[in-house]
Amino acid sequence: MSEISNLNPKLVWQHFDKICAIPHPSKHESALRDALIEFAKEQKLEHFVDTTGNLIIKKPATKGMENRKGVILQAHLDMVPQKNNDTKHDFEKDPILPYIDGEWIRAKGTTLGADNGIGVSAALAVLEDNSIVHPDIEVLFTIDEETGMTGAFGLKADVLKGDILMNLDSETEGELYVGCAGGIDASIKLDYSIEAVKSTYKTFNVCVKGLKGGHSGMDIILQRGNANKILFRLLNSLLELNILICDINGGSLRNAIPREAMATIAIAGVNVSKARTMIDEEWAKIANELAAVEPDFKITFEPCEQAKTAISRAKLLKLIRLVYGLPNGVYRMSDSMPNLVETSSNLAIVKTEEQTATISCLLRSSVDSSKEDLVNMMTAIALNANAEAEFTGGYPGWKPNMNSPILGLMSKTYKDLFNKEPKVMAIHAGLECGLLGGVYPNWDMISFGPTIQNPHSPDERVNIKSVDLFWQFLTETLKNIPVK
Ligand SMILES: [Zn+2]
């Protein structure tokens, strides 16, 4: 037992202390799951592991609460294993060492796993504490949230009976999450033949760089420059100089806004100075458009080793028009929430390799039909260029419902308890709730939690006071769940 087990609420911190002692990085949750199964046996609570590996523990309603709606408390078992360079730690064997640092709990040299260990602990405390008044409870502990949401993806429709899902995996006390984005990966492939580059042509590298990039979901609202989109805007205007393209390499990760993109182009010697002027003019135009968000943006144009082959002219036009025409950035803002992106696309990667150009995009939306619309639009653009479009790894979004009964109840409960309004939020990125709600469309869902800073890094810390507020809020809400 460490010093944190004396903090309030005691039961929550004691469970968290025990969880820290059991290694549980993503994909290695079985030791923790076994310990929780032992706990369920000791408490004589019905429990089972589903076909995916998620653990479910049930607790019947307190006397007099049997007619209330059933609540599912959900948290993920795994944690992100990150450590400082000078820390020796084996996440599959060594315990996390939590300690009190002023108003916060941190771990010695590693991630703490408060994401989502505090949520797990709060659910365990609800299961154990018989002084709490609550309806029928089903606790859903999912596996592998951090590296693929495997547990949420695999949940079946006949596992849970409840009506309200409370996800305990949010990271700011006083915020209630009511929506998230779904996503789907687009891969568009265009095969091309090659032609020889004439000796009268000179070869150059054109590079778009200095952009900020960022997360393709959360940061898409910032309207930063997309290096691929800018590169193809430039190539499209250079078409009038009869350029050839030898290769293209833009972006690296599907979920990152591309910061750099590069093309090797060949130009007739007589057109080189014209090309240089055009590039500088385009650079100035785009820099002006993006001045507020991309102060370091630049385009470089430098001679390089003479290329022997280039994409054939017939396909070159198709390729440039295809990429230049693909939708990118914010496509639609939400009607139900201010400042929430509803639908977006990130033109993430463009690469040429072995006579195939591959374009990878990540589409997101909290409205599934809007995501479908983008899929169909991109398919249409691809077909027009005789390219092949494939869409994989789709998962549903969670459309914010401002009239959600659990949102109404929790907003009122929060105000009654703390005499202030909670903030109602949604996020333009994936959460387990999106997947879970896809399997159980009848659920009324909400996500909340204590204040956790710097999750997924060795600086992760959880605010002690916020855990107490989170616990009061959770237990007070359970008391007030309405009748079925
Ligand atoms: Zn989490």
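The values are calculated or read from the model by the stated rules, or taken from the named source; none is laboratory data. Quantities reported herein were computed from a predicted structural model and do not represent experimental measurements. Neighbour counts are summed over all protein chains in view; Cβ atoms, including those assigned to glycine, are modelled from backbone coordinates with ideal geometry.
A few notes on this one:
- With respect to the conditions (1) of a type in the set (A, V, I, L, M); (2) assigned by TED's automatic domain parsing to the domain that holds THR172; (3) in contact (Cβ under 8 Å) with a residue 60 or more places away in the chain, ALA389 falls short on a single one, namely (2).
- Count of the stretch 126-146 residues which are within 16 Å of the ligand (Cβ to nearest atom) and acidic (Asp, Glu): 3
- Residues (among the polar types (S, T, N, Q) and either assigned to a strand (DSSP E or B) or touching a Leu at 6+ places or on another chain (Cβ under 7 Å) (or both)) located in the stretch 251-283: ASN255, THR264, ASN271
- Scanning the stretch 9-27 turns up no residue that is of a type outside the set (Ser, Thr, Tyr), modelled with pLDDT under 95, outside any helix (DSSP H, G or I) and over 24 Å from the mean Cα position of the chain (by Cα).
- Residue within the stretch 425-438 that is in the same structural domain as PHE153 (by TED's automatic domain parsing), under 19 Å from the mean Cα position of the chain (by Cα), within 18 Å of GLY174 (Cβ to Cβ) and away from the ligand (no atom under 16 Å from the Cβ) present: yes
- Any chance GLY151 is touching a strand residue (DSSP E or B) at 6+ places or on another chain (Cβ under 6 Å), assigned by TED's automatic domain parsing to the domain that holds ILE464 and either away from the ligand (no atom under 15 Å from the Cβ) or of a type outside the set (Ser, Thr, Tyr) (or both): yes
- Residue within the stretch 400-423 that is surrounded by 15 or more Cβ atoms within 10 Å (Cβ to Cβ) and part of a strand (DSSP E or B) present: no
- Residue in the stretch 336-354 that is free of Cβ contacts under 8 Å to residues at least 12 places away in the same chain and of a type in the set (Gly, Ala, Ser) present: no
- The numbered conditions (1) outside the structural domain of ALA387 (by TED's automatic domain parsing); (2) touching a strand residue (DSSP E or B) at 6+ places or on another chain (Cβ under 6 Å); (3) in a loop (DSSP other than H, G, I, E, B); (4) not charged (D, E, K, R) are all true for GLY217 except (1).
- Residue in the stretch 179-188 that is more than 23 Å from GLU432 (Cα to Cα), in contact with a helix residue (DSSP H, G or I) (Cβ under 7 Å, 6 or more places away or on another chain), away from the ligand (no atom under 16 Å from the Cβ) and part of a loop (DSSP other than H, G, I, E, B) present: no
Residues are listed down the side, and each one gets a yes or a no for (1) modelled with pLDDT under 95; (2) in a helix (DSSP H, G or I); (3) in the same structural domain as SER131 (by TED's automatic domain parsing); (4) surrounded by 19 or more Cβ atoms within 10 Å (Cβ to Cβ):
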| position | (1), (2), (3), (4) |
| --- | --- |
| ASP34 | no, yes, yes, no |
| PHE39 | no, yes, yes, no |
| GLY64 | no, no, yes, no |
| ILE72 | no, no, yes, yes |
| ALA75 | no, no, yes, yes |
| THR87 | yes, no, yes, no |
| LYS93 | no, no, yes, no |
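- Scan of the stretch 141-178 for residues that are among the polar types (S, T, N, Q) and in a loop (DSSP other than H, G, I, E, B), ordered by number: THR147, SER170, THR172
- Only a single item in (1) in contact with a Leu (Cβ under 6 Å, 6 or more places away or on another chain); (2) away from the ligand (no atom under 16 Å from the Cβ); (3) in a helix (DSSP H, G or I); (4) not polar (S, T, N, Q) is not met by ALA123, and it is number (2).
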